[in-house]
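S.K.: One structure, as structure tokens, below. Some questions next.
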Amino acid sequence: MTISVTAFYIILVISYIGFNAGLWGVFEKAGEKGWKSLVPVYRDIVWLRILSRPKWWMILIILPVSNVFMGYLMIWKTIRLFGKTNYIPLVFGTFFNCIYLPYLGFSKREKYMRLEDLPKFKKSSLREWGDAIIFAVCAAFLFRTFLVELYAIPTSSMESTLMVGDYLAVSKVRFGARIPETTLAIPFMHHTLLGTQKVPSYVDWLQLPYLRFPALSPVKNNDPIVFNYPDGDTVALERQSESYYAIVREFEAILNPNATIEEKYMVATRYPAEMVAYIQSKYGTSPYHPGMGRDAVKKEYTVKSRPVDKRENYVKRCVGLPGDKLQIINGQLYVNDKAAHNPENMQFRYVVKEGIPKSKMKKMDINEEDIYRDYEGYNYCLNSKQIKELQAMGKEIIPQFEGEEYNASIFPHDPRYKWNKDNFGPITIPQKGVTVAINDSTIVLYDKIIRNYELNTLEQKDGKIYINGKEATEYTFQMDYYFMMGDNRHNSADSRYWGFVPEDHIVGKPVVVWLSLDKFKDFGDGKIRWRKMFRKIK
């Protein structure tokens, strides 16, 4: 159940009234005038006096983010002044203060006591540990939710800018920290319980609407961005590192006897012949109909939907802002008809005749996962510096760019848009408030936006399009969208494959690499990439 924005604000107002009413009663029981609880800043000064806490706490109360933690801490301390030592009233009263504070403030049964008059409460060692753990967990949770979170780079999509084994510090405040949408979840676990593949770490029956704190700066072109994977709204748990929608398209192509040559090629590059035969024999016994692939995927795998903030975290470079016109011609990106800036360490795929010795690859920081062999020779993803070094060694290097052929893996996965990873577009990035015409040919560009991201119903019937049950010939976007690409242009699953990134999927901006480990080396062989540590990400 997702709470609407209106309902959320109504709950917020009721909670605010309950909190302030309760604090009024507490102030009066403590011998202060109740109206003082309604005056910003002055209220906190008086409150600290009631709690017998030092004045320097005001610094932490004023600072953003820490003020949230301090607010809960002061509520906890206030409940203690009524003689509560058990965790049940302390935890319940802290998180449901709009109910519990009015009870304490106006109930004749509850007596306020000054800190020095409280009965001596000797904490057991278990209680000492419990208090310390609660304090540490709450502080760390607020820090990583609203300020900075640490991430590791698992794939080579941003090589050589960000390398597999790089550990990043990601600023949440740069683009405005999001309010957690999934409210009931185990702290510090993303979407799955540690040590399991299928057990979720959250329950999704209560979802808050998308809300974000004010940003320090807007998203800019060429910014590296951490975001929630848009295609991850649905996952096949046994293959959750892959796009569920790509798996469905592949199953459709396997089961469809009239699949195009491009679709058959897509399947041949992804599945061994034995797997294709298995899928056809198990799910292709009846005549093919559209949707048969999706039904087969749901039978073959455990399919699960995920809320926005529990989708996989990806890191790519933002190359297209809302409203930008974007096109790729022969591997060169153009934005608003001008050649875009190419990242310093951008990589493409090349054939290197006779290959590169492994010892040389390690010295040149060439990722072993970026290599495969075909009939032409060894394929490597290389940047300009590596190419020059190999040419100086006398190596013959052949670029591997796609021409004009259609690639069925590329968004919008429709042969009317004969695009591939090196020749893509032109396309205009959707912008909030902008209205576009929708028809049989354009709906494939915006289908997922209308259905999955902006949560409308969409139906095509008798050559007409219906949104929320009404015939539609145009659509107005409710959010801004972005176009993301990896610096490793020939080995990156990015917007060229699955489309636009909605604004509510933006997590933050990576600012520094604080640790860098080479997964292909031992500690005695230079596993720690010292020269790559504590570097600013740009």
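S.K.: On the given criteria, is E344 of a type in the set (D, E, K, R) and at pLDDT 90 or above?
M.R.: When the stated conditions are applied, E344 does not pass them.
S.K.: Is one or more of the residues making up the stretch 170-193 modelled with pLDDT of 85 or more, touching a Phe, Trp or Tyr at 6+ places or on another chain (Cβ under 7 Å), surrounded by 18 or more Cβ atoms within 10 Å (Cβ to Cβ) and of a type in the set (S, T, Y)?
M.R.: Scanning the stretch 170-193 turns up at least one residue that is modelled with pLDDT of 85 or more, touching a Phe, Trp or Tyr at 6+ places or on another chain (Cβ under 7 Å), surrounded by 18 or more Cβ atoms within 10 Å (Cβ to Cβ) and of a type in the set (S, T, Y).
For (1) of a type in the set (A, V, I, L, M); (2) surrounded by 14 or more Cβ atoms within 10 Å (Cβ to Cβ); (3) touching a residue at least 12 places away in the same chain (Cβ under 8 Å); (4) under 26 Å from Y497 (Cβ atoms), each residue gets a yes or a no:
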| position | (1), (2), (3), (4) |
| --- | --- |
| K353 | no, no, yes, no |
| I356 | yes, yes, yes, no |
| Y372 | no, no, no, yes |
| Q386 | no, yes, yes, yes |
| A392 | yes, no, no, no |
| N407 | no, yes, yes, yes |
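S.K.: Determine whether Y202 is closer than 28 Å to G508 by Cα, of a type in the set (F, W, Y) and surrounded by 14 or more Cβ atoms within 10 Å (Cβ to Cβ).
M.R.: Spelling it out, Y202 is indeed closer than 28 Å to G508 by Cα, of a type in the set (F, W, Y) and surrounded by 14 or more Cβ atoms within 10 Å (Cβ to Cβ).
S.K.: Counting just the residues of the stretch 492-538 that are of a type in the set (K, R) and in a strand (DSSP E or B), which one comes out surrounded by the most Cβ atoms within 10 Å (Cβ to Cβ)?
M.R.: Filtering the stretch 492-538 for residues that are of a type in the set (K, R) and in a strand (DSSP E or B), the one surrounded by the most Cβ atoms within 10 Å (Cβ to Cβ) comes out as K509.
S.K.: Inside the stretch 58-89, can you point out the residues that are outside any helix (DSSP H, G or I) and either at negative phi or within 29 Å of the chain's Cα centre (by Cα) (or both)?
M.R.: The answer is L63, P64, V65, L81, F82, K84, T85, N86.
S.K.: Just to check your reading of the model, which residue among E312, E242 is surrounded by fewer than 21 Cβ atoms within 10 Å (Cβ to Cβ), closer than 20 Å to N488 by Cβ, at pLDDT below 95 and in contact with a Phe, Trp or Tyr (Cβ under 7 Å, 6 or more places away or on another chain)?
M.R.: Going through E312, E242 in turn, the sole match is E312.
S.K.: Residue check: is R249 more than 24 Å from N420 (Cβ to Cβ) and of a type in the set (K, R)?
M.R.: no
S.K.: I need a count of the residues in the stretch 181-194 that are part of a loop (DSSP other than H, G, I, E, B) and over 23 Å from K316 (Cβ atoms).
M.R.: So the answer is 6.
S.K.: Read through the list (1) at pLDDT below 95; (2) closer than 15 Å to S495 by Cα; (3) in a loop (DSSP other than H, G, I, E, B), then give the number of the only condition that F411 fails.
M.R.: Going through the list (1) at pLDDT below 95; (2) closer than 15 Å to S495 by Cα; (3) in a loop (DSSP other than H, G, I, E, B), F411 breaks only (1).
S.K.: Among the residues that make up the stretch 195-203, is at least one of them basic (K, R), more than 30 Å from V5 (Cβ to Cβ) and part of a loop (DSSP other than H, G, I, E, B)?
M.R.: Yes: one or more hits.
S.K.: Inside the stretch 90-127, can you point out the residues that are under 37 Å from the mean Cα position of the chain (by Cα) and assigned to a loop (DSSP other than H, G, I, E, B)?
M.R.: Answer for the stretch 90-127, where residues must be under 37 Å from the mean Cα position of the chain (by Cα) and assigned to a loop (DSSP other than H, G, I, E, B): just F96.
S.K.: Which pairs do you get when a residue that is of a type in the set (F, W, Y), found in the stretch 187-205, comes within reach of a residue that is at pLDDT below 85 and part of a loop (DSSP other than H, G, I, E, B), reach meaning Cβ atoms under 8 angstrom, with the pair 6+ apart or on two chains?
M.R.: W205/M1
S.K.: Is it the case that the stretch 244-263 has a residue that's over 30 Å from Q400 (Cα atoms) and among the basic types (K, R)?
M.R.: No, the stretch 244-263 contains no residue that is over 30 Å from Q400 (Cα atoms) and among the basic types (K, R).
S.K.: Taking the stretch 415-441 on its own, how many of its residues are part of a loop (DSSP other than H, G, I, E, B) and within 27 Å of the chain's Cα centre (by Cα)?
M.R.: So the count comes out to 10.
S.K.: Would the stretch 35-46 turn up any residue that is in a helix (DSSP H, G or I), touching a residue at least 40 places away in the same chain (Cβ under 8 Å) and surrounded by 16 or more Cβ atoms within 10 Å (Cβ to Cβ)?
M.R.: There is no residue in the stretch 35-46 that is in a helix (DSSP H, G or I), touching a residue at least 40 places away in the same chain (Cβ under 8 Å) and surrounded by 16 or more Cβ atoms within 10 Å (Cβ to Cβ).
S.K.: Residues to consider are F92, F82; find the one that is at pLDDT 90 or above and crowded, with 17+ Cβ neighbours inside 10 Å.
M.R.: Residue meeting the stated conditions: F82.
S.K.: Still on this structure, please answer the following. In this structure, does E368 turn out to be on the phi > 0 side of the Ramachandran plot and modelled with pLDDT under 95?
M.R.: No, not satisfied.
Every residue, every condition in (1) touching a Gly at 6+ places or on another chain (Cβ under 6 Å); (2) part of a helix (DSSP H, G or I); (3) on the phi < 0 side of the Ramachandran plot, yes or no:
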{"position": "P214", "(1), (2), (3)": "yes, no, yes"}
{"position": "P218", "(1), (2), (3)": "no, no, yes"}
{"position": "N222", "(1), (2), (3)": "no, no, no"}
{"position": "F227", "(1), (2), (3)": "no, no, yes"}
{"position": "E242", "(1), (2), (3)": "no, no, yes"}
{"position": "A246", "(1), (2), (3)": "no, yes, yes"}
{"position": "E250", "(1), (2), (3)": "no, yes, yes"}
{"position": "P257", "(1), (2), (3)": "no, no, yes"}
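S.K.: Here is a list of conditions, (1) modelled with pLDDT of 85 or more; (2) out of contact with any Pro (no Cβ under 9 Å at 6 or more places or on another chain); (3) hydroxyl-bearing (S, T, Y), and Y334 meets all of them except one; can you say which number that is?
M.R.: Failing condition for Y334: (2).
S.K.: I've got another one for you. Can you tell me which of Y446, Y378 is in a strand (DSSP E or B) and not acidic (D, E)?
M.R.: Checking each option against the conditions leaves just Y378.
S.K.: Is there any pair with a first residue in the stretch 259-279 that is surrounded by fewer than 16 Cβ atoms within 10 Å (Cβ to Cβ) and a second that is part of a helix (DSSP H, G or I) whose Cβ atoms are under 7 Å apart and which are 6 or more apart or on different chains, and what are they?
M.R.: K264/A253
The values are calculated or read from the model by the stated rules, or taken from the named source; none is laboratory data. Values in this document were obtained by computation on a predicted structure and should not be read as measured data. Cβ: placed from backbone, ideal geometry, glycine included. Neighbour counts: every protein chain shown.
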